[in-house]
Amino acid sequence: MMTPRRLCQTLVSTLILCATAFAGGPLYVGQGGSIDGKPYTWDPAAMPIKYTVDPGPMSSNAGKVVVDNATGLQRVQQMFMNWQNVPTAALSYSYAGQILAAGGYVKGVDVASAFQFNAIVGSCNSALQNPIIFDSDGSLMTSLGVDSDVIGFTNICATSASTGHITAAMITLNGVWINGSTPMTKSEFSDAITHEMGHFAGLDHSQINVDVLQNGSCDLDTIAGMPLMFPFSVCPGHSDSGLPAIPTDDAAWISHFYPGPTYATTYGLITGTIYFSDAASAAQGVNVVVRAVDDPNTLQDESRRVTFSAVSGLYFTSNPGQSISLGSDGKPDNANGSPYGSRQAALIGYYEIPVLPGTYTVQVESINSAFAQGSSVGPLDPPVRNPGQDEFWKNNESAYDIPLQRDTVTVTAGETVPNINIILNGTQPTFDQYEDETQLFETLPPLALLRAEVC
Amino acid sequence: MIQSRWLRSAIFPVILFLAVPVFSQRGAITAPVSLDQMSRRADRIVHGSVISARVEPHPQLTNLSTIVITMQVQDMLKGKAATTLTFRQFIWDLRDKQDAARYLKGQELLLFLNPVSEYGLTSPVGLEQGRFRITRDRTGKAYAANGRDNAGLFSGTQQRARAQHMKLSVKAATVVQQTNPGPIPLDDMKQTIRELARTQ
């Protein structure tokens, strides 16, 4: 139960906090050797990434072609171009023609059956091609036991544990969603698949301006600041809103993982560690959000628009292993934990966030409880609640400071500002291997919620 | 409990305001599905516990990774009654291959399963939306929450129920009025599912 003291602290906090936001980072992280703690990315020396495309129609309805192959191909190229056009990222793609023959699949034939799909997956698993498959009428999804609600899926087919590179991937698109039988627009579909292409490049989800889930306020500043890699699409898309297809946070992270020649002269870096109240134990899975200080001379709210984020412990493993509970199928394999993510203790609460030059506030918040399983953000799934209070960073961090008191961090291009550490207020002792999951949720409520109830 | 009340009032009645909201899942992006839609589309709705979950290649489509899950059935809410249920699900995400898509031995689940395809494959309706994890509080009362923490689970359900002249009990009608995410008492959920499945 919340103690009166903690309740009071939180109530005080609500009087001041104006906005909540949330995170970014890698989909998979290497473990051990030279790739320890490094994100899995495509080999920068092997650019452009060549993809092959299904020769059939992108979408059809009752046997009638709705989006033909030429148009579908053009759209896929544009979606990849959205990422390629980030000027500070050395990421490029090129169309390498129709899907190559593989096993029982004959080149030039519309991919329509599970057997053809299987053959193509085999070639992707062998890193022979990066196919884009058009399931024009959803029948392929049905064959695979997947229902029509799946708009598309990305399969990282192959990785190299020695180099830390993604070596092959594929995307399957469900054309039902643009055949006129659903209300989805062309640009909504494009945003959804461009999001999948973010995963294709190795990006995880990120959470910024998540308070929109509570207040439904999709104003332009909020939309502009929301990452394309946000787990849910709940506001009009960036393209429909006249905004760049790749928002600020996504552009920063794709550039961080694929730095182009101008990255170092365009971005700076904020790094730090999130600690429990003992100021010694690091806390993983806490969202760290960096927001530009609003410029009162503009009509825009820069604190909503110019935002970047990461989850603490983003390079640390989600499961270091333990010997208490069994793994799947009754095997005691949990002792080995996850093969992804570093085991270096120094990375448990570490974060780093690429930012444009400017002056920022830094704050910590919980990951939204609905962002679990495939919608998860950062290494922990399900997410843990922030074990302390939502708070801002300040120069004299302690476990007893006023959560909404804040100092600013100024970053210049090429500069790394280290040790922006936050000591969480009022946490319970750090979790251990005997902790039950209920414990994780019995912490303070999010400030925004409390504000809503108070007001 | 004060924490859980706040937690439940946490978020959004709001997923509706976009024309087509979408959810991303492990390597997939999906449209939201509400409980009545899931109840209608599911071929089987089962409450039970995972006996085993193993990752293996599909027997014919050998390049495809699948997970074979066997469950001890506690309650079959839709579909043919059985004491155990085994199904095979296609998985494409590296993490799913590593952690058996987080199906854990002993885990209690409420699953809405799609019809089995000609290749013997199925999956939860709407992927993680049709997969409810059962947890119990300190008194032993069971709660169900899907992979979206039940966000948007009842979007449009009331309207569709009215349009289809469904007769819902007071309890079920109360359940489908919920707009906030968070776990729902399992008994209430099952009663609502039975009514939604029966009237369709």
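For chain A, the longest principal axis of the alpha carbon atoms and the long axis of helix A:114-125 meet at an angle near 60°. Our compactness index for segment B:35-198, the C-alpha radius of gyration over the empirical 2.2 N^0.38 Å, is 1.05.
Entry for segment B:103-180 at q = 0.19, 0.26 Å⁻¹: log10 I(q)/I(0) = -1.00, -1.22, Debye formula applied to identical alpha-carbon scatterers, no solvent contribution. Counting Cβ atoms of other protein chains within 10 Å of each Cβ in B:110-119 and taking the mean gives 3.
Over segment B:122-166, the reciprocal of the mean inverse Cα-Cα separation, the Kirkwood hydrodynamic radius, stands at 12.3 Å. Near the amide H of A:Gly25, within less than 5 Å, lie the amide hydrogens of A:Asp204, all on another chain or at least 5 residues away, with H placed in the peptide plane. Our coupling estimate for segment A:144-152, obtained by passing each phi through the Karplus curve with A = 6.51, B = -1.76, C = 1.60 and θ = phi - 60°, is 8, x, 9, 8, 6, 6, 7, 7, x Hz, Gly and Pro reported as x. What residues qualify as long-range amide H neighbours of A:Ser59, i.e. H under 5 Å apart, gap of 5 or more or another chain, H built at 1.01 Å from N? Under 5 Å from the amide H of A:Ser59 lie the amide H atoms of A:Val66, A:Val67, each far enough along the sequence or on another chain. Would you give the gap between the C-alpha center of segment A:347-363 and the C-alpha center of segment A:123-200, rounded to a whole Å? Between the Cα centres of segment A:347-363 and segment A:123-200 lies a distance of 32 Å. A:Val286 sits among other residues whose Cβ lies under 10 Å from its own Cβ, and their net charge, with Lys and Arg +1 and Asp and Glu -1, is -1. Alpha-carbon geometry of segment A:180-324: the Rg and the Dmax are 17.3, 58 Å, given in that order. Counting only DSSP beta bridges whose two residues both lie in segment A:9-254, roughly 55 percent are antiparallel.
Over the Cα atoms of the protein assembly as shown, each weighted equally, I'd like the Debye log10 I(q)/I(0) at q = 0.07 Å⁻¹, rounded to two decimals. Scattering profile of the protein assembly as shown, log10 relative to I(0): -0.42. In this simple spin-label model, placing a label point 7 Å from the Cα along the Cα-to-Cβ direction at both B:Asn180 and B:Ile51 gives a separation of 4.0 nm. Across peptide A:123-131, the average count of Cβ atoms from other chains found within 10 Å of a residue's Cβ is 1. With only the Cα atoms considered, segment A:155-208 has a convex hull volume of 86 Å³ per residue.
Based on C-alpha pairs under 8 angstrom that are at least 6 apart in sequence, chain A has a relative contact order of 19 percent.
Exposed loop sites, defined as chymotrypsin sites (Phe, Trp or Tyr not before Pro) outside DSSP H, G, I, E and B with at most 13 other Cβ atoms within 10 Å, are absent from the longest region of chain A, namely A:1-399. The mean count of C-beta atoms from other chains within 10 Å of the C-beta of residues in A:380-386, rounded to a whole number, is 2. Ranked for footprinting exposure by Cβ neighbours inside 10 Å, fewest first, A:Ser94, A:Ser398, A:Ser148 give A:Ser398, A:Ser94, A:Ser148. Packing, as the average of other Cβ atoms within 10 Å across residues, places the peptides A:294-300, B:179-185 in the order B:179-185, A:294-300, highest first.
With an a/c value of 1.5 or above and a/b not larger than b/c for the gyration tensor axes a ≥ b ≥ c computed over the alpha-carbon atoms, segment A:9-254 is described as oblate. Charged neighbours of B:Lys167, selected by a Cβ distance under 14 Å, balance to +3 (K, R count +1; D, E count -1).
Using r as the Cβ-Cβ distance of A:Gln428 and A:Thr163, and R0 as 45 Å, what FRET efficiency do you calculate, to the nearest 0.05?
0.65
Taking amide hydrogens as placed 1.01 Å from N in the peptide plane, the amide H of B:Gly152 sits under 5 Å from that of no residue at least 5 positions away in sequence or on another chain.
Taking a Cβ cut-off of under 15 Å around A:Ile99, the surrounding Lys, Arg, Asp and Glu residues balance to a net charge of -1, with basic ones at +1 and acidic ones at -1.
Relative to the longest principal axis of the Cα atoms of chain A, helix A:186-200 runs at roughly 80 degrees. Using the Cβ-Cβ distance between A:Val293 and A:Ala399 with R0 = 22 Å, the FRET efficiency computed as 1/(1 + (r/R0)^6) comes to roughly 0.30.
Bear in mind these aren't lab numbers, they're just calculated from the coordinates by the rules spelled out. A quick note: this is a predicted structure, and the numbers were derived from the prediction, not measured. Backbone-built Cβ (ideal geometry, glycine too); neighbour counts: all protein chains shown.
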